[in-house]
Amino acid sequence: MGTKEIVEEKIDVSALLNGQSEIILYNDDVNTFDHVIDTLIKVCDHTAEQAEQCAILVHYTGKCTVKTGEFKKLKPQCLQLLDAGLSAEIQ
């Protein structure tokens, strides 16, 4: 007998309707600062300074909002972050 994992995604409907969502990047013990910074520059169009600040915040606080905007515009960016091995979600 196996165990089934159910993943529930919570989406704030009011945030979707008013167009304001955010990509949250989470800390992990796998990715280097350089990889996180390079990925944020490439995927989120951050400057080097923005990306470095986000990487530091993620490291010390566990998470950081790296992009805000409409859900439909953020979804492909979030998927690219995930494909790059980062831990992220849209809220």
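The values are calculated or read from the model by the stated rules, or taken from the named source; none is laboratory data. Given the structure is predicted, the values throughout are model-derived calculations rather than measurements. Side chains included, ligands, DNA and RNA excluded: accessible areas come from the protein's heavy atoms. Shrake-Rupley method; radii C 1.70, N 1.55, O 1.52, S 1.80 Å.
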Checklist line | Per residue value of the accessible surface for region 13-91 (all protein chains in place, 1.4 Å probe), Å² | finding: 62
Check: With θ set to phi - 60° and the Karplus curve 6.51 cos²θ - 1.76 cosθ + 1.60, what are the ³J(HN,Hα) couplings of region 29-36 in order, to the nearest whole Hz, using x for Gly and Pro?
Finding: 9, 10, 7, 7, 4, 4, 5, 4
